[in-house]
Structure formats: C-alpha cells, structure tokens
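Q: Before I ask anything, let me first share the structure, which is written out below as structure tokens.
The values are calculated or read from the model by the stated rules, or taken from the named source; none is laboratory data. None of these values were measured; they are calculated from a predicted model. Cβ: placed from backbone, ideal geometry, glycine included. Neighbour counts: every protein chain shown.
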Amino acid sequence: MSPAAGPVSGPPAVDVRGLTVRFGDFTAVDQVTFQVARGEIFGFLGANGAGKTTTIRVLCGLLRPTAGEIRVGGESFHDDNHALKSKSGYMSQKFTLYNDMTVAENMAFKAALRGVGDAELKERKERLFRLVGFTHSENAMVGSLPGGLKQQVSLAAALLHEPEIIFLDEPTAGVAPEARARFWAIIRDLAAAGQTVFVTTHYMDEAEQCGRIALMRDGKLVALDSPEGLKRSTFPNGLLEVEGAEGAEGAEPGWEARLRALPGCVSLKPHGRRWHLEPATKGDAPGLKAALPAGFTARDLTPSLEDVFLKVVEPPPVKAGA
Amino acid sequence: MNLRVLIAFARKELVQTLRDRRMRSMLFIAPVIQLTLFGYALHDEVRNIRLAVYAAPSDTLAWDIARRAEGTGWFRLVRPPRSPYEGLASGELDAALIAPPGGITQAVGRGGGEMQLLLDGSNTTRAQGVAQYLDAVRRDVIQERVDHGVAGPPALTLATRVLYNPTLESKYFMVPGVLAMLLLMVTMTLTSSSITREKELGTFETLLASPVGTGTILVGKALPYVLLGLADLPIILGVAYFVFGVPVRGTFWELYVATLAFVGCTVALGILLSTAAQNQQQAMLGSFLALYPFQMLSGIIYPLDNMPKWLYWITYFNPLRYFAVLIRNILLKGGAPTLFWPNVGALALLAAVSLTVAWRRFKPTLN
C-alpha cells in the first residue's frame, strides 16, 4: 500500500457554498455546500444527470454558477479567471487529447496553453510518464493507443502544470480492470504527495478508495462522509443477506411481498441470486429471520457502498402496494 | 495575447489539417477540380452559338455580319428553319438575325436601317453575351465600310468599347470570380468545422479550462486558416493561369494583400458561424446557407447594377463583392490603385467587424 493519503488542515482546497446552477427551468445543481481538504481524495458519486459534471465544470471555471460561491485554491469564480484555471487540472469525461496528433505534440500544445516552458516540459514529461507508467513511444499517434494508455497520457497532460487540485471526471470509464487498478495507485500517490484529487466514478470499488464521498441526487448533495461512515449512517441496523435453497422460491410464491409487509422490514432488494434485507431496528433481525419461509436462510452482512448507493442515490423501486 | 500560445495553435491546426486526408483534399484538390470544371463549363457556354440569318442572298451587308460572326469562332451558322420563332422555341437556334424587307444593305444606303435580333432569353447570361457579341460584330462591319468609303457614316452611335476583354471571353471574367468563391467556401468551412469539431470531441472544454484569454483562443484558431487560405491561392491561381490562360497582370504583393484581407474576412465569418453552431453538421449547413447569398449578391454571376436599391445596399456587407472586383482588377487590368485600396480597405473593415462580433459572442464559459 502507498503511504496513507491524508487531508491536511488549513484552508480548504475546494470550498463550495450554496452552489446552484440552472439551465433555463432545469436545476442541475441545487444549493450544494461542501469543502474538500488539501491532499484529500474526494469522491463524487451519483446517477447520470445528478449534477456531478456540472459541479466540476463550475469548479474548473467552465460554467458560470447561477447562485452561490465557490473557491478553488482560494480563487473565486469570475469569467476568464486565469488564476482559478491555473490552480486546477481537468481531465474531462470525454477524451480530451487530440487523436490525430502524437503524444509529444499533445503534450507540447498543452504546455503552451498552460504556460509551461520547454525545459520544464521536458523534465516534467519524463517524471509524469514515469508516474503514470507510460513507456510507449512519444511519437505514437494518440488515436492508435489502447484506452488504458490514452488515459495515462490524458492524466499526465492534466498534471503537466502541477495543479493544486486535479478534477477527474470518470477517468476510468471504459478502461480495463487492470489498468483501473494501476490508475488508482497513481491517484493515491498524487494525494500522498499533497495534491488534492476530486474524482467522479461509477465503480464502487473505486469509491471505496476515496477519503470521503459526496453523494449527489437530482442536483442535491444527499450524503457526505467517509465510505465507512456512509455505510454506518445509511444502515444503522445492519443488513441481512437472504438466500434460498434450490427450488425453495418456487414453493413459496409471494413470499417477498409478505416479508416486505412485516413492520420490521424496511426493504428487501434482490441482489443477484440473493436478497438484501434491511431491518427497521437491530431487534427486528431475529424476528425477520424467523419469518423466512422454509428453505431460506439469512446471515448478517456488512453493507457495501453499493448498498448505500442503491438506497441513497438510485430512485427507489416502485413497491407493490406501497 | 500570448505569442507562444498562438504559435502552438498554428502548429496544432496545421498538423491536424494537413495530416487529415479529407481536409487536405478539400483544401488543395477540390478547388483545382472545381475551378477546372466550372471554368470549362462556362467556357463551353459561350461557344457554339447557333445563329440563323434571314436575308436575301443579295443582301451583302447582312451576310458580311454573318460571316464575320462565324469568323469569331463563337457562332455557328445554321440553315434557317422556316420560322425563326419556332427554331428558337424548339431549341434548334440560339439566335436569329433578320434583315428588314428590301434588305439592310439598301436601308443603310438610304441613311439608316435596323436588323432584328431574336434571342433565346431562357438563359439571360447567354443571351446578353450573344447580344453583345453580335453588336460588336455589327459595329466592326459598319466601321469597316466607313473606312473603305463603301457607305457614309450610318446613323448609329458607337457604344462603349469593351476594354480588357475585347473578345468578351467570359472565362477571363468568370474564372477569377469562381476562384474567389472557392476561396470563400474552403476557408469559411474549414475554420468553422475546426472549432465545432473541438466542441464535438470535448477538447474545446479543455481549451476553455486553460488560463488563456478567449481572444487568444480565437486568434489562435483563426490565424492558421488564414495561412492555409493564402497557401491555397497559388494553387487555384495556377489552374486559372495554366488551364484557362487567365492573365496575371498585377503584382504578387497586390494579390497577397487582397487575399489576406479577404481570407481574414472569411475566417472571421467562419468563427462567427461556429459560435452559433454546436456541431460540424450545423456548421456545414450554415456555411452552405451563407454561401448562396454571398455568391448571388457578389456581382460574380449577376451584375450588381441590375439589383433593386435595397438589395444593392446589402451587397456592401458581402466580402465576396469586394474581392471579386479586386481579383478581376488585379488579374485582368494589372491592379488599378483606385480600385485596389478602397476594396482592400472595405475588406479589412469587414474583417475587423466580424472578428469583433465573433469575439463578443465567443463565450469564456459553456453557459
């Protein structure tokens, strides 16, 4: 494991207060307030369209907020604020390098845009390529590289001007699992070195690696805590995992509805071939276990982030009779 | 404005454009093919005018005109159909020249006469050309007779002689015009699609997220396409010169100053267009929609003087109008300064205005 990533005290790297972004009648971000400490790995989770990318765009100086205040590295938002843009690095959801240029050409263009001198470019490029593990030829056309390598170059390009805060919008979407794991090792290294990492993802195993996670839903911030804290606060009474023996389900039609109707049952959600059952209080667990039909067993389960995500972020499934 | 960023932009855009086979052919090959095709099409149009002469065999003056017309190479004498009207209606004839009863020779001998010229007016450009050709032929014949003392000065006032293009070769007139249209099309389309492509790919966000002003991004995106437009000039000019024999009477610096002012305009218009378009398709469509009125109101195909006043005023905002005058002036007449500077000035002014409007519309955010 890499050295423990840790937030540093002092003024926050990102300070968002009452941020609201409206597009016409549509409120993309609604009264969002949070702070990100320096050196933190801050995860930003939510369904598509929950307002994650919109928030990041404001923080990168790309989108004017409708209301509220933001500070990134101490810089507030105003149109064309170069200081704010200098402090942040941005790797957008869409691929942001030019496919029809070589790796070296892309890096040189980025360096010019970011005011990185030729000597610095050479030195940083070497260091960053080592950091991200890019060993391919610099003269390769970016379009010819596989997804994982493109991602490495993209990150190196976003880091070229040594930003205080790096915003990564779904950096590992469409990247092979092995490459994803490597990518997260780099993110941990960056945070350990004091850089603030602000990342959105749809992968729960990645979210686990964040210091804190903010959950967005319909433009609102609905939860903000460490992964462990989120699991505890979302499921204060734990979870039960229910499993039926072969053929048991067919023998008991309608058992799910009956179980859900019990006062001790908050929710019963299918999870692959099993079910996750949330008791209303800790004391309800034994009663629920006893109420299971023949052939079904239940055991205590430590809730995962996916359970949290499904409960807090995803729209609730339409319950029969609810 | 950051010079290093501008150079980086120039590098990037040139590399991207020249590396792309589609862009390369649009820039360098399409204009050559189009100019050649257009040039030949227009070239053929004025040849092979089928002329029927209705005159008695003894009417020497009428046949003088007919033979001289044939001698220019533009006309082909055909056997007159029974009725000239039917011949024109069926498309058998392009023009019919009819002597008055008793013959034109005698009429002129009596002090004045008139021959009737019937034209197929379904193609006005062609009809105008035919009328002008024949009129020139008629004047020549009369002049010759005056010179030889065959007849006294006939009761005719001589119309303006056609300068610079004495044979009224429309290719000399049209090829520079088409050249201007092609330059407009290529530069405007390339510029607008280069910006909208970045919007589509998402790289535009990365540009905006960089700590450079919108002015720098704008000029950075514009300058490379001005350079490419200038690089296009010698190629299409080469076709005009070598394929069509259009003379290049002006100097190269005049050509380049005029082209620079013009391409500055068209690239600025391309940027303006891309501030309204979200993707390459919209930009393309916008280019084509704009191209049509630009052509129509440029004086390249239809004379501006024939337009109603209000429409004529609109043409003052058309860069193609000024460049058409400039390029014809430089190529055919050697670049009279009285035409050169006012038109270059108008183009520079238009470029400055469009660039300013584009800059005002070019938002530093994605809002």
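Conditions (1) touching a helix residue (DSSP H, G or I) at 6+ places or on another chain (Cβ under 7 Å); (2) closer than 30 Å to B:Lys363 by Cα; (3) in a helix (DSSP H, G or I), marked per residue:
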| position | (1), (2), (3) |
| --- | --- |
| B:Ala268 | yes, yes, yes |
| B:Ser298 | yes, no, no |
| B:Leu311 | no, no, yes |
| B:Gly335 | yes, no, no |
| B:Phe340 | yes, no, yes |
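Q: Restricting to the range A:241-297, name every residue that is among the basic types (Lys, Arg) and either farther than 22 Å from A:Lys311 by Cβ or not in a loop (DSSP other than H, G, I, E, B) (or both).
A: Kept after step one, since they are among the basic types (Lys, Arg), are these residues of the range A:241-297: A:258, A:260, A:269, A:273-274, A:282, A:289.
Across the range A:241-297, the qualifying residues are A:Arg258, A:Arg260, A:Lys269, A:Arg274, A:Lys289.
Q: A further question follows. Please specify each residue of the range B:26-63 satisfying the condition of being at pLDDT below 85 and more than 28 Å from B:Phe173 (Cβ to Cβ).
A: Correct list: B:Asp59, B:Thr60, B:Leu61, B:Ala62.
Q: Here's something else I'd like to know. Does the range A:47-86 hold any residues that are in a helix (DSSP H, G or I), closer than 24 Å to A:Ala111 by Cα, touching a residue at least 60 places away in the same chain (Cβ under 8 Å) and in contact with a strand residue (DSSP E or B) (Cβ under 6 Å, 6 or more places away or on another chain), and which are they? Break it down stepwise before answering.
A: First pass over the range A:47-86, keeping only residues in a helix (DSSP H, G or I): A:52-59, A:82-86.
Then drop every residue that is not closer than 24 Å to A:Ala111 by Cα, which leaves A:56-59, A:82-86.
Next, from what is left, pick out any that are touching a residue at least 60 places away in the same chain (Cβ under 8 Å): A:56, A:59, A:86.
Scanning the range A:47-86 gives A:Ile56, A:Leu59.
Q: For the list (1) within 20 Å of B:Phe244 (Cα to Cα); (2) under 11 Å from the mean Cα position of the chain (by Cα), I need the number of the one condition that B:Gln295 fails.
A: Single failed check for B:Gln295: (1).
So that you can scan it fast, the table gives a plain yes or no per residue for (1) of a type in the set (Lys, Arg); (2) within 14 Å of chain B (Cβ to nearest Cβ):
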position: A:Thr20; (1), (2): no, yes
position: A:Asp25; (1), (2): no, no
position: A:Val29; (1), (2): no, yes
position: A:Arg38; (1), (2): yes, no
position: A:Leu63; (1), (2): no, yes
position: A:Ala67; (1), (2): no, yes
position: A:His82; (1), (2): no, yes
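Q: Here's a follow-up. Taking the condition of being more than 8 Å from every other protein chain (Cβ to nearest Cβ), closer than 17 Å to B:Val212 by Cα and either assigned to a loop (DSSP other than H, G, I, E, B) or without any contact (Cβ under 8 Å) to a residue 12 or more places away in the chain (or both), how many residues in the range A:89-124 meet it?
A: Counting residues in the range A:89-124 that are more than 8 Å from every other protein chain (Cβ to nearest Cβ), closer than 17 Å to B:Val212 by Cα and either assigned to a loop (DSSP other than H, G, I, E, B) or without any contact (Cβ under 8 Å) to a residue 12 or more places away in the chain (or both) gives 2.
Q: Exactly one condition in (1) at pLDDT 85 or above; (2) away from chain A (no Cβ under 14 Å) is false for B:Pro303; which is it?
A: Condition (1) is where B:Pro303 drops out.
Q: In the range A:40-61, how many are at the interface with chain B (Cβ under 9 Å from one of its Cβ atoms) and touching a Ser or Thr at 6+ places or on another chain (Cβ under 7 Å)?
A: 1
Q: When you look at B:Ile271, is it within 14 Å of chain A (Cβ to nearest Cβ) and buried (at least 20 other Cβ atoms within 10 Å of the Cβ), yes or no?
A: Working: within 14 Å of chain A (Cβ to nearest Cβ): no; buried (at least 20 other Cβ atoms within 10 Å of the Cβ): yes.
So B:Ile271 does not fit the description; no.
Q: Give the range B:169-222 a look and list any residue that's closer than 21 Å to B:Gln16 by Cβ, assigned to a helix (DSSP H, G or I), in contact with a helix residue (DSSP H, G or I) (Cβ under 6 Å, 6 or more places away or on another chain) and of a type in the set (Ser, Thr, Tyr), or say none.
A: Scanning the range B:169-222 gives B:Thr187, B:Thr189, B:Thr191, B:Ser192, B:Ser193, B:Thr196, B:Thr216.
Q: A further question follows. Would you check if B:Ala127 is surrounded by 13 or more Cβ atoms within 10 Å (Cβ to Cβ), modelled with pLDDT under 75, of a type in the set (A, V, I, L, M, F, W, C) and under 30 Å from B:Val243 (Cβ atoms)?
A: Working: surrounded by 13 or more Cβ atoms within 10 Å (Cβ to Cβ): yes; modelled with pLDDT under 75: yes; of a type in the set (A, V, I, L, M, F, W, C): yes; under 30 Å from B:Val243 (Cβ atoms): yes.
Here the answer is yes, as B:Ala127 does meet what is asked.
Q: Another question, then. Whether any residue in the range A:231-252 is modelled with pLDDT of 90 or more and within 30 Å of A:Lys150 (Cα to Cα) is what I want to check.
A: No: zero hits.
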